[in-house]
Amino acid sequence: MSTRAKAAFVCYGVVILFLAAAGVLYVSSPEIMPYHQEATGVAWAELGPRVQIMLLTFLKADGIGMLAAALAMTILLVIPFRRGERWARWTIPALGFAWLGPTLFIAFRLAGSTGAATPWPGLVIMIVLLALGFLLSMSEEAQCGESDSSDLG
C-alpha cells in the first residue's frame, strides 16, 4: 500500500473507531445521553417509565446502527480496500456519509432548536476525515493511472 492509501486507511480507521465507541456507549447506556436530557428539558428520573423505555429503545437502535456501520466499514477497509480494489474506495466513504450525514443534520437541528450541546462538532470532524480519506484514495488512483479493468471501479 502506498503512503496515500495508508493515510486514507488511517482516516477511515479513526472514523470507524469513533463510530464503534459511540455505538458501544449508546447500546450500553442505562439512560439517554446528557444532551438528550438537555434537549427535552426534563431529567431522566422525571420521565415516566414508558417514555424512558421508548427513548432507550431509540438510543440502542441508533447504537446498533453505528456498530453495524463500523463493522461493515471495517470489513471493507481490511479486505477489499487493502487489496486495492477501486470499488472499496467509493463504498467506504459512501457508507460513512450515508450514516454520518443524516446524523449531523439531526444533531445540528436539535442543537439549533433546543440549545442542547449535541456532539455535532465531532460529527463534522468524522465527515472531514471521510472526505480526506476519499480524496487520498482517489489521488492514489489518479497518481497510479490505474487502467485495470479487472474490478468494478
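Please treat every number below as a calculation from the coordinates, not as lab data. Quick caveat, the model's predicted, so the values are computed rather than measured. Glycine also receives a Cβ, built like all others from the backbone with ideal geometry; neighbour counts cover every protein chain displayed.
Would you please put 6-18, 44-56 in order of how densely packed they are, using the mean number of other Cβ atoms within 10 angstrom per residue and starting with the highest?
Working: 6-18: 19.6, 44-56: 12.5.
Taking the mean over residues of other Cβ atoms within 10 Å, the ranking is 6-18, 44-56.
Within the chain, the whole DSSP H helices whose Cα atoms reach 15 Å or more along their own axis and whose mean Kyte-Doolittle score is at least 1.6 are 3-28.
Rounded to the nearest 20 debye, what is the charge dipole size of the chain about its Cα centre when +1 sits on each Lys and Arg Cβ and -1 on each Asp and Glu Cβ? Let's see the in-between values first.
Details: 9 positive and 10 negative charges, 16 e Å.
Taking the Cα centre of the chain as origin, the dipole is about 80 debye.
Ranking 112, 63, 49 by how far each Cα lies toward the positive end of the dipole of segment 1-138 (charges on Cβ) leaves 63 at the top. Please compute one quarter of the surface area of the Cα convex hull for segment 22-69 and express it in square nanometres. Answer in nm², one decimal: 3.1. Kirkwood hydrodynamic radius of segment 20-107, from the reciprocal of the average inverse Cα-Cα distance over all distinct pairs: 14.6 Å.
To one decimal place, what orientation-averaged projected area in nm² is obtained for the convex hull of the Cα set of the chain?
On the way: hull surface 37.9 nm².
So the mean shadow area of the Cα hull is 9.5 nm².
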